[in-house]
1. Is it the case that V139 is in a loop (DSSP other than H, G, I, E, B) and not assigned by TED's automatic domain parsing to the domain that holds D37?
2. How about the range 83-102: which of its residues are surrounded by fewer than 16 Cβ atoms within 10 Å (Cβ to Cβ) and in a helix (DSSP H, G or I)?
3. Go through the residues of the range 50-70 one by one and say whether even a single one is touching a residue at least 24 places away in the same chain (Cβ under 8 Å) and of a type in the set (D, E).
4. Of the numbered conditions (1) modelled with pLDDT under 85; (2) surrounded by 10 or more Cβ atoms within 10 Å (Cβ to Cβ), E112 fails exactly one; give the number of that condition.
5. Filter the range 160-186 down to the residues that are modelled with pLDDT of 75 or more and either of a type in the set (D, E) or in the same structural domain as V139 (by TED's automatic domain parsing) (or both) and list them by number.
6. Does the range 141-158 hold any residues that are within 15 Å of C120 (Cβ to Cβ) and hydrophobic (A, V, I, L, M, F, W, C), and which are they?
7. Exactly one condition in (1) aromatic (F, W, Y); (2) in a loop (DSSP other than H, G, I, E, B); (3) surrounded by 14 or more Cβ atoms within 10 Å (Cβ to Cβ) is false for F107; which is it?
Amino acid sequence: MPRGRPKKNTSPETNPAEKRGVSQFSPYMILNAWFRDGSKNSPLPKELEESKAFAQTYILYYFQSNPKLFIWINKVYNNFNLFAIPVNEILKTMKEIIRVTGYRQPFVKKAEKETKNQLCGILKKKYVGYKPEEISMAVDLIDKDEEFQSIVYETFGIREPGKYKTKKNEFKQKMESILSKESLLNDL
């Protein structure tokens, strides 16, 4: 008897996405693959012809990271005549621009949730008007100084107030100051 889960059958009969004729890839992945196929005469994939994911204005957003190319595209396409051009023609124009210039859209890393510690969360809730970057900078400044850090963390209830160990000399000095105050009070 085989152990573990049985293998999924991914045949078209059992895969609902393929039954409906839907690709398992997003239109953006298909578009980027089509842009990079290197062929000047490759036809537009059927998924992109039928897709409503792209508008005519997509050309204005795609080339934003290249200033020279972006300025030229803005001069040529940034007007109301852009909406008269079919999306398929816009995509073919974009492919030609990418083929000629070798443009690669920069990889934008997904922003990570910045959870430095509990203090960030507390400060975000308490001071709503501040940006998350400002709060993280404040936490960085707080974390640099250990004494200030302990005070702030104890104030917001993140840490229990610690018992500070006193040395014998400090203890004697405190006791002497207390006793001297008591003796002064008794003298009155």
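1. no
2. Of everything in the range 83-102, those that are surrounded by fewer than 16 Cβ atoms within 10 Å (Cβ to Cβ) and in a helix (DSSP H, G or I) turn out to be F83, A84, N88, E89, K92, T93, E96, R99, V100, T101.
3. For the range 50-70, residues touching a residue at least 24 places away in the same chain (Cβ under 8 Å) and of a type in the set (D, E): absent.
4. That leaves (2) as the condition not met.
5. Once the filter is applied, which keeps residues that are modelled with pLDDT of 75 or more and either of a type in the set (D, E) or in the same structural domain as V139 (by TED's automatic domain parsing) (or both), the range 160-186 yields E160, E170, E176.
6. Those that are within 15 Å of C120 (Cβ to Cβ) and hydrophobic (A, V, I, L, M, F, W, C): L141, I142, V152, F156, I158.
7. Going through the list (1) aromatic (F, W, Y); (2) in a loop (DSSP other than H, G, I, E, B); (3) surrounded by 14 or more Cβ atoms within 10 Å (Cβ to Cβ), F107 breaks only (3).
The values are calculated or read from the model by the stated rules, or taken from the named source; none is laboratory data. Note that the structure is predicted; figures quoted are calculated from it, not measured. All Cβ positions, even for glycine, are placed from backbone atoms using ideal geometry, and neighbour counts span all protein chains on display.
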